[in-house]
2 protein chains.
Amino acid sequence: MTAVPARIGDAIDEIDTPALIVDLDAFDRNVRKMADFARQHGVRLRPHAKTHKSPAIALKQIAHGAVGQCCQKVGEAEALVRGGVKDVLVSNQLVSEKKLRRLAALATDATIGLCFDAPEQVALASRVAKDFGVQIDGLVEIEVGMQRCGVEPGAAAVDLAKLIANSPGLRFRGLQAYHGTAQHLATHGDREQAIGGAADSVRKSVDALKLAGIPCEVVTGAGTGTYSIEGQSGLWNELQTGSYIFMDVDYARIGGRGGGRFNDFEHSLFVLATVMSVPNDERAIVDAGLKSMSFEKGPPWVHGRSDLECVGLSDEHGKLKLKSGKRPKLGEKVMLIPGHCDPTVNLHDWYVGVRRGRVEALWPITARGAAT
Amino acid sequence: MTAVPARIGDAIDEIDTPALIVDLDAFDRNVRKMADFARQHGVRLRPHAKTHKSPAIALKQIAHGAVGQCCQKVGEAEALVRGGVKDVLVSNQLVSEKKLRRLAALATDATIGLCFDAPEQVALASRVAKDFGVQIDGLVEIEVGMQRCGVEPGAAAVDLAKLIANSPGLRFRGLQAYHGTAQHLATHGDREQAIGGAADSVRKSVDALKLAGIPCEVVTGAGTGTYSIEGQSGLWNELQTGSYIFMDVDYARIGGRGGGRFNDFEHSLFVLATVMSVPNDERAIVDAGLKSMSFEKGPPWVHGRSDLECVGLSDEHGKLKLKSGKRPKLGEKVMLIPGHCDPTVNLHDWYVGVRRGRVEALWPITARGAAT
């Protein structure tokens, strides 16, 4: 773990750069807004910890009413349970006995769920859970349009649910129905159409389970781009949103409900960088690049500065175009809004929480790098 | 730091995934080949530690004749010096007193160099070096075509060199002349042309320094894509190559000297991943995604498997197209060649070195995340 880039009470200018900044006012509003939405629509909120990788943030979400967390990796589940989270769903498949043992070991301290899309995964998880004397909740992941993991809706889902229900150490709880590629479709209408298709798959599977006499307590899924659609569908009863706490350029680019940009949530996550070179009137170079921000969704936006545009990143440099011809000073700080928040967070060890211009929180990103 | 994903002696199938694998035979050949080139052409080799971020690898390069290391960040320099490297050049500008103090503190144990492109940087470094009672070697970075940092060649370079030479605590050593954007140009001819332009800028600056009576001992630069051009130019006398030890898809895609692909070095770096879901005859999903591999240069190649093609990554999933219609088994391992090696390395805490199918080395990536 790298050194803490600030001390509590520091002014923004005193923070060592690059640093991952959280605007605590905006963050708090985002946390509350999603919690309120879930409460108002009678659905459970299980925020995705793959976004934040931090028990400190998980506990805040839970304090606002979230039922627990979901995550993608056993290493993330370990960080969450050790950090005090009592209900964790691994929204992913496991095929390794080593990983399943680590997960089973957590089930003595917390409610643990896991997704399945093949009988071999069920057999292995059942054997390990039995061996550890624990119970793991099993969800059948169904393919709802993103063509990644998941069994076909309907009969195949019922077959796997039956297998889970009949496997010692496992308990069938419901369906994992997440449509990842729907999240960033350009318009709200496009997203409604995609989730409409996913809803057909969910309905088909729920009906088939009912016919087979298998109780399906949970239908879980949704992301920040589509939460309001699943949340009002009457089909999903649990939301797995992650990015809403931070927002990023990739979400700010899509269309909102009434036209215009998607602005249900505020940008609260920034990479603070320092101008280290100003070679001429056309460009300035800052000390944050590919190793401080994920770049596969394009360059970051420069927060609150219409005179600066980020036009490229190399490993440890960001190139800013000077749009007004006015040169920033060497040492000047800029706040960059990352293209994609989740992999950006995974590059840092610390959140530096800022309120009214001062550092108020230092949260370790405990599950940074926890990919196994 | 995350847990070690393997033990010495493990077979490849026993390594926990995702893991960053080094094929030690290929790695050793790459290290030797660049060292031999430098020796044969009478230039110094100062490999770039921003690629590997590991003193263990730095010491191997030095054992093969490298004069030291260069790096981009003070945090990397700290890891190198603490790991036993005696000569480190920060090939970058610093404008923060805090960072300069950390760098000056290293200069009691090692020869430390730093690049400059503005008088304010020189004044600050001089004050801190004096304060610490140390000497820092100063290089003037000149703009040679990539339009990032650097002063204009010629008179401006001389002015800054004079300032460094006259600043207590600093010693003018020479020129930093690195053309980053030339490295991945499509053909060797394109790269020759770009480095030809850079050579004009170097020559102009070297001549102007000579005329001003300022000794210019070092002209340093070059990367893996152009090392043979600078190395045979008679102008550069130090090479800063980094990626050659690992290679990646981005380098494998460019053209080589005699036509065909650039194959001066071998792929030695891989992300080992496990097949976790095979929903149908068209695709398989592995457990490594954006958080295990940098994606801004596109998808990884699947090593040694013409039947599999990686067509996409999400946070923790890689999607493989099954080109033969034959399904891989759940739990099967695949080796992925990353699109871009440097930011991929920065996602991991451990190199798992493999030879003859067994784990032979576990090297910590000590400067992982060292961005300040």
(request) Mind pulling up the Rg/Rh value for segment B:123-196? Radius of gyration and Kirkwood radius, both on Cα. (result) 1.13
(request) Please work out whether segment B:55-188 counts as rounded, prolate or oblate from its C-alpha gyration tensor, where a ≥ b ≥ c are the square roots of the eigenvalues and a/c under 1.5 means rounded, while otherwise a/b larger than b/c means prolate and anything else oblate? (result) oblate
(message) So if I take the centroid of the Cα atoms in segment B:95-125 and the same for segment A:118-143, what is the distance between those two points in Å?
(response) 56 Å
(request) Among A:314, B:369, A:182, pick out the residue whose Cα is farthest towards the positive end of the charge dipole of the protein assembly as shown, where Lys and Arg carry +1 and Asp and Glu carry -1 on C-beta, about the Cα centre. (result) B:369
(request) Of the options B:161, A:75, A:196, report the single residue whose Cα projects farthest towards the positive end of the charge dipole of the protein assembly as shown (beta-carbon charges: Lys, Arg +1; Asp, Glu -1). (result) A:75
(request) Sort shortest first the distances from residue B:9 to its counterpart in every other copy, using label points 7 Å along the Cα-to-beta-carbon line, and give them in nm. (result) 5.3
(message) Let me spell out the model: positive unit charges on the Cβ of Lys and Arg, negative unit charges on the Cβ of Asp and Glu, origin at the Cα centre of segment A:1-118. What dipole size does that give, in debye rounded to 20?
(response) 600 debye
(message) Not counting ligands, DNA or RNA, and with a 1.4 Å probe, what is residue A:43's accessible surface area in Å² rounded to the nearest 10?
(response) 20 Å²
(request) Roll a 1.4 angstrom probe over the protein heavy atoms and tell me the percent of accessible area of segment B:1-103 that is carbon or sulfur. (result) 50 percent
(request) Please give the total accessible area that chains A and B bury against each other, computed with a 1.4 Å probe and expressed in Å² to the nearest 100. (result) 4500 Å²
(request) Ignore the peptide's own chain and count Cβ atoms of other chains within 10 Å of each Cβ in A:341-348; give me the average, rounded. (result) 4
(request) Could you please put A:8, B:57 in sequence from largest to smallest accessible area, using a 1.4 Å probe? (result) A:8, B:57
(request) Before rounding to the nearest 500, sum -39500 (n - 2.57) across all DSSP H runs of length at least 4 in the protein assembly as shown and divide by the residue total; then give [θ] at 222 nm in deg cm²/dmol. (result) -9000 deg cm²/dmol
(message) Name the residue from B:241, B:11, A:299 whose Cα lies farthest towards the positive end of the charge dipole of the protein assembly as shown, charges +1 on Cβ of Lys and Arg and -1 on Cβ of Asp and Glu.
(response) B:11
(message) Could you compute Rg(Cα) / (2.2 N^0.38 Å) for segment A:161-306, with N its residue count?
(response) 1.43
(message) Quick check for me: using +1 on Lys/Arg Cβ and -1 on Asp/Glu Cβ, what's the dipole size of the protein assembly as shown about its Cα centre, in debye to the nearest 20?
(response) 560 debye
(message) Could you work out how much longer the chain between residue A:32 and residue A:361 gets when fully extended? Use 0.36 nm per residue separation minus the Cα distance between them, nm to one decimal.
(response) 116.6 nm
(request) Write down the percent of antiparallel bridges among all DSSP beta bridges whose residues are both part of the protein assembly as shown, to the nearest 5. (result) 50 percent
(message) Could you work out how much longer the chain between residue A:253 and residue A:82 gets when fully extended? Use 0.36 nm per residue separation minus the Cα distance between them, nm to one decimal.
(response) 57.9 nm
(message) Given a 1.4 Å probe, show me the residues in segment B:78-105 buried by at least 40 Å² of accessible surface when comparing the whole protein assembly to the chain alone.
(response) B:95, B:98, B:99
(request) With N denoting the number of residues in the protein assembly as shown, provide Rg(C-alpha) divided by 2.2 N^0.38 Å, to two decimal places. (result) 0.98
(message) Tell me the accessible surface of residue A:97 in square angstrom (1.4 angstrom probe, heavy atoms of protein chains only), to the nearest ten.
(response) 60 Å²
(message) Which of rounded, prolate or oblate describes segment A:299-340 when judged by the alpha-carbon gyration tensor and an a/c cut-off of 1.5?
(response) prolate
(request) Please list the non-local residues whose amide H lies under 5 Å from the amide H of residue B:242, H modeled 1.01 Å from N, same-chain partners needing a gap of 5 or more. (result) B:48, B:224
(request) Considering the rotation that carries chain B onto chain A, locate the chain B residue whose Cβ comes closest to its axis and report the distance in whole Å. (result) B:296, 2
(message) Probe of 1.4 angstrom, ligands and nucleic acids ignored: what's the accessible area per residue over chain A, in square angstrom?
(response) 35 Å²
(message) Taking R0 as 60 Å, what FRET efficiency do you get between residue A:131 and residue A:311 from their Cβ-Cβ distance, rounded to the nearest 0.05?
(response) 0.60
(request) Keeping the other protein chains in place, figure out the carbon and sulfur percent of the accessible area of segment A:315-372, with a 1.4 Å probe. (result) 49 percent
(request) State the Cα centre-to-centre distance between segment A:199-266 and segment A:316-361 in whole Å. (result) 31 Å
(request) Between the label point of residue A:105 and that of the same position in each other copy, find the distances and list them shortest first in nm, with every label point placed 7 Å from Cα along the Cα-to-C-beta direction. (result) 3.5
(message) Taking the Kirkwood radius as the inverse of the mean 1/r across Cα pairs, report the Rg/Rh of chain A.
(response) 1.01
(message) For segment B:264-346, which trypsin sites (Lys or Arg not before Pro) pass both filters: DSSP loop (anything but H, G, I, E, B) and at most 13 other C-beta atoms within 10 Å?
(response) B:323, B:326, B:329
(request) Mind listing the label-point distances from residue B:155 to the same position on all other copies, shortest first, one decimal in nm, points 7 Å along Cα→Cβ? (result) 8.4
(request) Take the Cα of residue B:109, step 7 Å along the line toward its Cβ, and report every residue of segment B:1-41 whose backbone nitrogen sits under 20 Å from that point. (result) B:1
(message) Counting only other chains, and only Cβ atoms inside 10 Å, what mean value do you get across the residues of B:321-333?
(response) 1
(message) For residue B:204, what accessible surface area do you get with a 1.4 Å probe? Give it in Å², rounded to 10.
(response) 120 Å²
(request) Please work out whether segment A:1-51 counts as rounded, prolate or oblate from its C-alpha gyration tensor, where a ≥ b ≥ c are the square roots of the eigenvalues and a/c under 1.5 means rounded, while otherwise a/b larger than b/c means prolate and anything else oblate? (result) prolate
(message) Given a 1.4 Å probe and heavy atoms of the protein chains only, how would you sort B:12, A:285, largest accessible area at the top?
(response) B:12, A:285
(message) Beyond a 29 Å Cα-Cα separation, which of these cross-linked pairs lie in this structure: A:99/A:162; B:86/B:297; A:291/B:319; A:33/A:319?
(response) B:86/B:297; A:33/A:319
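The values are calculated or read from the model by the stated rules, or taken from the named source; none is laboratory data. The structure presented is a predicted model; accordingly, all values stated were derived computationally and were not measured. In this analysis, Cβ positions are derived from the backbone assuming ideal geometry, glycine residues included, and neighbour counts consider all displayed protein chains. Only protein heavy atoms, including side chains, enter the accessible area calculation; ligands, DNA and RNA are left aside. Shrake-Rupley method; radii C 1.70, N 1.55, O 1.52, S 1.80 Å.
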